[in-house]
Ligand SMILES: [Mn+2]
């Protein structure tokens, strides 16, 4: 093969992170004796300090921070001073940093200001613009949030790709298809594709996701999990560039504390000792996965078991028991919560029809029941009040206070209520399978 005649393009890496949410509290951790409370307080800062260490150790070319660097306005200048100090460590190592603001740290939200250290470029909010990095053959395009609620599609007005450069777009967005994240700077994958960039360094979604490989469209996720919906490793994405092409992505963890949701299926388990053995086994497993970090765990019991009622009535004792065992296993382990979501084992669950005879009988008799006159009179008075509040146009079609309206509606209403009661009762008697809000997947998390 002939040697390349063109001037050698540098072989380098850059680091893409977002959603630092510096000084955000970690949520949902109830303190108890032995819980590692103090060590978690500064987790977001410690995670960013690790990210800086990592950038320096890996000798990255530059760092991109794609918005929500702060969780909100600084309570005092301490937050800003600390952050500028960390950025200065990058500058001292010859690493430039590119920053945009997101919905949490929009210009209008962070009222205290400090000027950026040398080597740090903040993209302005008024319109997107481009910075050319000659030494790397890179063009970085970006735009900050001026206000929290940016509802415009910012991507559409990003500059065209710079020819003969590796083009990187930096954008904080609730990309289409990520419900539950608020429609901040909404755009579609096609909007991003049409720009002809090589890499979209996105922020806002806290779960890491490589949305597309051609071009690369990447949410690195946040750098430190802050509650039970932000489980697993957290960090940044290291991007490797060779001959003007992106040749590899690497997820690098920099979180100092981790969250895990341990679901134990107790189907067929019928002794407390067995439950505890299972708990120990799974806690050891997640501890090993956390690799020496602090670990906050939610334990959830599921499945049909003869222990169902004992677990439910003694949830508090079980919580303390598990906390105690966790303290035995490691001082780095915090039991966030125990959730008992078991069901009765088939043998001990009763035939529904033996259940609440009174309620069933009432539900079945309701349609034929004659209501006492005073009750009807009182209902008629309420209906008159309702009628008076209705617009005349509606009252012309249906007037609840019309002379025989009540008599006509009652049988149907009684039928309906009877059916509703029977259905409700059946649902209440069935094992609960509904997931509650808190245990939904991470995408629902606040971003
Ligand atoms: Mn955000």
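Computed from the coordinates by the stated procedures, all read-outs in this text should not be read as laboratory data. These numbers come from a predicted model, not from an experiment. Positions of Cβ are generated from backbone atoms using ideal geometry, with glycine treated the same way; all protein chains shown enter the neighbour counts.
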Based on a Kirkwood Rh over C-alpha pairs, give the Stokes-Einstein translational diffusion coefficient of the stretch 212-257 at 37 °C and viscosity 0.692 mPa s in µm²/s. 276
Cα centroid separation - the stretch 131-202 against the stretch 39-105, whole Å: 21
Once the Cβ-Cβ distance between residue 212 and residue 293 is put in as r, and R0 is 35 Å, what FRET efficiency do you end up with, to the nearest 0.05? 0.70
Here the tail fraction of P(r) beyond 13 Å, over all Cα-Cα pairs of the stretch 68-111, rounds in percent to 59
At R0 = 45 Å, FRET efficiency that the Cβ-Cβ distance of residue 53 and residue 276 yields, to 0.05: 0.70
Can you compute the equivalent ellipsoid semi-axes for the stretch 258-349, i.e. the square root of 5 times each eigenvalue of the Cα gyration tensor, sorted largest first and rounded to whole Å? 25, 12, 11
Once you put a point 7 Å from the Cα of residue 245 and another 7 Å from the Cα of residue 188, both along the Cβ direction, what distance in nm separates them? 3.0
Most mobile of 373, 208, 298 per a Gaussian network model of the chain (Cα springs, under 10 Å)? 373
Stokes-Einstein D in µm²/s, Kirkwood radius over Cα pairs - the chain at 10 °C with 1.306 mPa s viscosity: 60
Once every Cα of the stretch 69-157 carries one equal point scatterer and solvent is ignored, give the base-10 log of I(q)/I(0) from the Debye formula at q = 0.11, 0.16, 0.21, 0.26 Å⁻¹, two decimals. -0.34, -0.71, -1.10, -1.34
Helix 405-429: inclination vs the chain longest Cα principal axis, degrees, rounded to 10, gives 60
Residue-span extension gain [residue 314 to residue 112] - 0.36 nm each, minus C-alpha spacing: 67.8 nm
Checking 385, 126, 229 against a Gaussian network model of the chain (alpha-carbon springs below 10 Å), the top fluctuating residue turns out to be 385
Once both axes come from the Cα atoms, what is the angle between helix 272-290 and the longest principal axis of the chain, in degrees from 0 to 90, rounded to 10? 20
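Write down the Å³ per residue value for the convex hull defined by the alpha carbon atoms of the stretch 12-255. Present the calculation step by step, with values, prior to reporting the outcome.
Numbers: hull volume 29.3 nm³, N = 244.
Taking the convex hull of the Cα positions in the stretch 12-255, it is 120 Å³ per residue.
In nm, what is the difference between 0.36 nm times the number of residues separating residue 410 and residue 390 and their Cα-Cα distance? Please list the in-between numbers first.
Numbers: separation 20, 0.36 × 20 = 7.20 nm, distance 2.04 nm.
Full extension from residue 410 to residue 390 adds 5.2 nm.
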GNM on the chain, C-alpha springs below 10 Å: top fluctuator among 87, 417, 295? 417
